[in-house]
Amino acid sequence: MQIPYLSLQKITDRNSAEIHKAVSDVIDSGWYLQGKANKTFEENYARYIGTEYCIGTANGLDALSIILHAYKELGVLADGDEVIVPSNTYIASILAITQNNLVPVLVEPYITTYQIDENLIEAKITNKTKAIMIVHLYGRCAYTDKILNLCKKYKLKLIEDNAQAHGCMFNGKKTGSLGDAAGHSFYPGKNLGALGDGGCVTTNDSVLAEAVRSIANYGSSKKYVFKYKGQNSRLDEIQAAVLDVKLNYLDRDNEIRKQIAEQYISKIKNGKIILPQISVRDSNVFHVFPVRTENRDSLQKYLQEKGIGTLIHYPIPPHKQECYKEWNSLSFPISEKIHAQELSIPLNPALLQNEIDYIIEVLNEW
Ligand SMILES: *Cc1c(COP(=O)(O)O)cnc(C)c1O
């Protein structure tokens, strides 16, 4: 059996007719940017997440970066201010910070949940700290009341990187509505994925929302009048129309993801493989199913030989990347362990039961 890590063709196929119709409606409309499809999707996604505002952007990195840029324009952040961020996140969370001349302060995650360790944050807060960026990595909620209380105590902005966690909940509220602002990515492989790049910002803050919308559109306040030195980061009408179709199936797809994860957790029994645990069912939408093992590379090779595609999220931690040379000698042992041991096995709503059974069988035989 051949099971790729993820087949986007199979994901799209399930709603192919509706997606084709949405795309051809945009083509025939003759209106390709900042039109009806954006407006409709922004309203529907804001309602889904539970925020007042949603602003489409060209991708998830821009969404995060523009939030920080907007806070700078509004006088909330200034060059050199510090933003706390988990040390094991995807590079985009950190790039958004450094792109704005802000300083990322890396905090280690829990080895059990892979989410930022709330108990390590306070010691890293200085008089330059102005925000905490939590990342709902792998689709699991990183928010805790303790983090919110730290934000209140030290007057910090709470920013969520919700790129991997569309539909994830904390106490009945969606991630993306828990802090001051959130960046979302609609990269094709995400739980809610476009047919190309896309992203958005959600927030309840009307002043921030207006600044974000302006910065994403050249900093324009009205046509040919520029209030900020902005950028061009708009969500295409075609992508907005596709996302609006797929949003209708997001909860169904997340439910399928959870049921597959539950099968993996109950049926994979191999002492050499550490599985993720579900604490609260609503608080994990399993963007990836991360397992850990001391012989990660040999497990990956074995699965490859058995026809099962896997990915590593991620092979090199941010502080060991060449682009952040200044951090290369720092030590973040928990992140380093995760990066050395993590392997993501296929988990997506197009997987068939016989494929799930085969993956379980092969992992148990290893
Ligand atoms: C995908 C991702 C992003 C960036 O999204 P793009 O749309 O690819 O720019 C940011 N943060 C995390 C955690 C991601 O997984």
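Hull volume per residue, based on the alpha-carbon atoms of the stretch 229-366 and their convex hull, is 185 Å³.
Calculate what fraction, in whole %, of the accessible area of the chain sits on carbon and sulfur atoms when a 1.4 Å probe is rolled over the protein chains.
Reported share for carbon and sulfur atoms: 52 percent.
Ranking Met1, Met133 from most to least accessible surface, computed with a 1.4 Å probe over the protein chains only, gives Met1, Met133.
Once the Cβ-Cβ distance between Ser279 and Ala78 is put in as r, and R0 is 51 Å, what FRET efficiency do you end up with, to the nearest 0.05? According to the calculation, E is roughly 0.85. Among beta bridges identified by DSSP and lying wholly in the chain, the antiparallel ones come to about 60 percent.
Computed 3J(HN,Hα) for the stretch 259-276, one whole-Hz value per residue from the Karplus formula 6.51 cos²θ - 1.76 cosθ + 1.60 where θ = phi - 60°, is 5, 5, 4, 5, 5, 4, 5, 7, 10, 7, 10, 8, x, 8, 10, 9, 9, x, glycine and proline marked x. Phi angles of the stretch 193-209 translate, via the Karplus equation with coefficients 6.51, -1.76, 1.60 and θ = phi - 60°, into HN-Hα couplings of x, 8, 9, x, 7, x, x, 6, 10, 10, 6, 9, 8, 5, 5, 4, 4 Hz per residue; Gly and Pro are given as x. Net charge near Gln259, counting Lys/Arg +1 and Asp/Glu -1 over other residues with Cβ under 15 Å of its Cβ? Residues near Gln259 contribute -2 overall. Each eigenvalue of the Cα gyration tensor of the stretch 125-182, multiplied by 5 and square-rooted, gives one semi-axis; in descending order these are 21, 11, 9 Å. Of all aspartates and glutamates in the structure, those lying under 20 Å Cα to Cα from Lys152, and not within fewer than 8 positions of it along the same chain, are Asp81, Glu82, Asp117, Glu118, Glu122, Glu160, Asp161, Asp180, Asp205. When peptides 158-167, 78-87 are sorted by average Cβ neighbour count within 10 Å, with the highest value leading, the order is 158-167, 78-87. Phi angles across the stretch 147-164 convert, under the Karplus curve 6.51 cos²θ - 1.76 cosθ + 1.60 with θ = phi - 60°, into 3J(HN,Hα) values of 5, 4, 5, 5, 4, 5, 4, 9, 6, 9, 6, 9, 10, 9, 8, 9, 4, 10 Hz, Gly and Pro given as x. Normalised by 2.2 N^0.38 Å, with N the number of residues, the alpha-carbon radius of gyration of the chain equals 0.99. Annotation: peptides 98-104, 218-224, ranked by per-residue average of other Cβ atoms within 10 Å with the highest first, follow the order 98-104, 218-224. In the complete set of protein chains, residue-level accessible area for Lys267 is approximately 100 Å², probe 1.4 angstrom.
Average accessible surface for the stretch 250-365: 46 Å² per residue, computed with a 1.4 Å probe over protein heavy atoms with every protein chain in place. Accessible surface area normalised per residue over the stretch 1-105 is 46 Å², counting heavy atoms of protein chains with a 1.4 Å rolling probe. In terms of its C-alpha gyration tensor, the stretch 1-106 comes out oblate, because a/c is 1.5 or above while a/b does not outweigh b/c. Based on alpha-carbon centroids, what's the gap between the stretch 1-80 and the stretch 317-366 in Å, whole number please? First find each Cα centre; the distance between them is then 26 Å. Relative contact order of the chain, taken over Cα pairs closer than 8 Å and 6 or more residues apart, is 22 percent. With each label modelled as a point 7 angstrom along the Cα→C-beta vector, the Lys36-Ser266 pair spans 4.6 nm. Spin-label model, Lys155/Ser298: points 7 Å from Cα along the beta carbon direction are separated by 5.6 nm. You can think of it this way: the chain between Asp357 and Lys223 has 42.6 nm of extra reach, that is 0.36 nm per residue less the Cα-Cα gap. Between Asn127 and Lys337, what is the spin-label point distance in nm, taking each point 7 Å from the Cα along the Cα→C-beta axis? With each label placed 7 Å out from Cα toward Cβ, I get 3.7 nm. In summary, the aspartates and glutamates within cross-link reach of Lys229, defined as a Cα separation below 17 angstrom excluding same-chain residues under 8 places away, comprise Asp62, Glu73, Asp79, Glu210. Between Met1 and Gln321, full extension at 0.36 nm per residue minus the direct alpha carbon distance yields a gain of 111.6 nm.
For the stretch 77-225, the Cβ-based charge dipole about the Cα centre amounts to some 360 debye (Lys, Arg positive; Asp, Glu negative; other atoms uncharged). So which of Lys190/Lys325; Lys128/Lys320; Lys272/Lys301; Lys10/Lys306; Lys39/Lys173 end up more than 27 Å apart by C-alpha? Cα-Cα > 27 Å for Lys190/Lys325; rest within. Would you mind classifying the stretch 276-336 by shape? Square roots of the alpha carbon gyration tensor eigenvalues, ordered a ≥ b ≥ c; an a/c under 1.5 is rounded, otherwise it is prolate if a/b is larger than b/c and oblate if not. In terms of gyration-tensor shape, oblate.
The values are calculated or read from the model by the stated rules, or taken from the named source; none is laboratory data. If you're wondering where the values come from, they're calculated on a predicted model, not measured in any experiment. Using ideal geometry, Cβ is built from the backbone for each residue, glycine included, and neighbour counts are taken over all protein chains shown. For the accessible areas, the whole protein counts, side chains as well, though only heavy atoms, and no ligand, DNA or RNA atoms are used. Shrake-Rupley method; radii C 1.70, N 1.55, O 1.52, S 1.80 Å.
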